[in-house]
Amino acid sequence: MFWSHSGYFLPAFIFKKIGRCSNIKELQINEEIREKEVRLIDVDGNQLGIMPTKKALEVAYERKLDLVLVAPNAKPPVCRIMDYGKYKYELSKKEKEARKNQKIINVKEVRMTPNIDEHDLKVKAKRAIDFLKNGDKVKVSVRFRGRELGHTDAGKEVLERFSELTSEYGVIDKHPKMEGRNMIMYLVPKTE
């Protein structure tokens with residue numbers, strides 16, 4: 001018996017069907033397959049035909065392998081004879097390799113005001129250059145307060161000067177655009 005989120009006890013087989021205990025990627029193997037007839041495929045990918053599940057299990061056991069339900073929605077369902085442990089290991093290796101090869105791009109933000117001094121602008125640009133050298137995307141925002149909102153052209157000039165200072169290491173991905181009280185521009189590292 002398991003305790004459900006609604007406050008009632010549920011038998012284990014109902015709880016498993018809800019999906020709390022089972023992994024979505026898990027396939028039905030051997031005795032878990034409840035179909036009467038299945039289309040059987042051997043290790044080499046050759047079709048052995050449609051047969052009762054018990055006979056398909058016997059064929060799998062004779063070869064000392066597992067019977068795996070690979071297409072449960074097909075008519076009749078398709079089973080394959082394979083080493084299930086080896087199959088799961090290969091899948092986990094592929095997923096690990098895919099995760100290792102993907103590049104994570106972080107977005108770093110640099111904030112300024114429309115009336116920023118030249119020296120402060122250079123300091124912010126130097127910081128953005130460090131982010132770009134690390135391969136990060138940079139979000140540059142100019143925040144307008146009060147009456148500054150009437151002079152958005154000053155913010156655009158600041159962003160243009162900023163892009164000139166960082167032009168050696170980054171290029172504009174998204175041009176300056178107003179979003180609420182902020183004018184935002186995105187820079188990405190230059191590709192060689």
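The values are calculated or read from the model by the stated rules, or taken from the named source; none is laboratory data. Here the structure is a predicted model, which is why all the values come from computation and not from measurement. Positions of Cβ are generated from backbone atoms using ideal geometry, with glycine treated the same way; all protein chains shown enter the neighbour counts.
Quick notes on this structure:
Yes/no per residue for (1) crowded, with 16+ Cβ neighbours inside 10 Å; (2) in the same structural domain as T53 (by TED's automatic domain parsing); (3) within 30 Å of E32 (Cβ to Cβ); (4) hydroxyl-bearing (S, T, Y):
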site: N73; (1), (2), (3), (4): no, yes, yes, no
site: V78; (1), (2), (3), (4): yes, yes, yes, no
site: N101; (1), (2), (3), (4): no, no, no, no
site: M112; (1), (2), (3), (4): yes, no, no, no
site: D136; (1), (2), (3), (4): yes, no, no, no
site: V142; (1), (2), (3), (4): yes, no, no, no
site: E148; (1), (2), (3), (4): yes, no, no, no
site: K177; (1), (2), (3), (4): no, no, no, no
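- Checked against the criterion of being more than 16 Å from E179 (Cβ to Cβ), in contact with a Lys or Arg (Cβ under 9 Å, 6 or more places away or on another chain) and either charged (D, E, K, R) or in a loop (DSSP other than H, G, I, E, B) (or both), the candidates K126, K108, K100 yield just one match: K108.
- Failed criterion for N73 (all others in (1) farther than 25 Å from S92 by Cα; (2) in a loop (DSSP other than H, G, I, E, B) hold): (1)
- Within the stretch 42-71, the set of residues being β-branched (V, I, T) and surrounded by fewer than 20 Cβ atoms within 10 Å (Cβ to Cβ) comprises V43, I50, V59, V70.
- Flag for D153 being assigned by TED's automatic domain parsing to the domain that holds M185, more than 19 Å from T191 (Cβ to Cβ), surrounded by fewer than 16 Cβ atoms within 10 Å (Cβ to Cβ) and free of Cβ contacts under 8 Å to residues at least 24 places away in the same chain: yes
- Leading residue by the ranking (nearest to P114 (Cα to Cα)) among those in the stretch 143-190 that are touching a Gly at 6+ places or on another chain (Cβ under 7 Å) and not in a loop (DSSP other than H, G, I, E, B): M183
- Residue match in the stretch 82-95 (condition: in contact with a helix residue (DSSP H, G or I) (Cβ under 7 Å, 6 or more places away or on another chain) and not hydroxyl-bearing (S, T, Y)): no
- The lone exception for S22 - which of (1) modelled with pLDDT of 85 or more; (2) touching a Lys or Arg at 6+ places or on another chain (Cβ under 8 Å); (3) part of a loop (DSSP other than H, G, I, E, B) it fails: (1)
- Tally of residues being within 28 Å of the chain's Cα centre (by Cα) and over 15 Å from K124 (Cα atoms) across the stretch 167-176: 5
- Matching entry among N101, N106, N134 (being touching an Asp or Glu at 6+ places or on another chain (Cβ under 6 Å) and at pLDDT below 90): N106
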